[in-house]
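What follows is a set of notes on a single structure, which appears directly below.
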């Protein structure tokens, strides 16, 4: 019997900045985007930024999750085609996102592993994903981190209805197993 071993791809972790986040979404940080929105209250004290382009289908759901530190192998990636999911780190700890750019416009239904990046977001920062960005759930570094997540109710419902971890294609969640589909898992090169 010939059993093939799962390939391990090591992904370096790099610090997120506005430029390297662009293929996956928009960096949210310690400044407002395009200040100057014409709201007349609190002039000289508040710089209003543009609206954050969070889009979803159905009802918006905002949740927090506390993530324990550690660097697990990445065996799942998912995407959402009807929601620009948002992750914001609260508190003083950074977090890591493993992502691959959207490719659904090309008719592809698997992530391009040659384009996967692991980006470390500074404490108090976050990102708004583009539609279709492949991603895993945020990873805590050396300290627990609380993440504020903007979702749609259909995504939360679909994920919470799963009895055991497995691939899924329901409720705007298309989640794949990297070992099953691509015979690999991703490891962070810290």
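The values are calculated or read from the model by the stated rules, or taken from the named source; none is laboratory data. Treat the numbers as computed from the prediction; the structure is a model and nothing was measured. FYI the Cβ positions are ideal-geometry reconstructions off the backbone, even for glycines, and counts take in every protein chain you see.
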Residue tally, condition farther than 24 Å from residue 31 by Cβ and in contact with a helix residue (DSSP H, G or I) (Cβ under 8 Å, 6 or more places away or on another chain), over segment 83-110:
4
Identify, by number, the condition in (1) out of contact with any strand residue (DSSP E or B) (no Cβ under 7 Å at 6 or more places or on another chain); (2) closer than 30 Å to residue 182 by Cα; (3) modelled with pLDDT under 95 that residue 19 doesn't meet.
(3)
Return the residue satisfying two criteria in turn: it lies in segment 164-190 and is touching a helix residue (DSSP H, G or I) at 6+ places or on another chain (Cβ under 6 Å) and outside any loop (DSSP other than H, G, I, E, B), and of such residues it is nearest to residue 68 (Cα to Cα).
185
When you scan segment 143-163, do you find a residue that is within 11 Å of the chain's Cα centre (by Cα), within 18 Å of residue 85 (Cβ to Cβ) and in a loop (DSSP other than H, G, I, E, B), even just one?
no
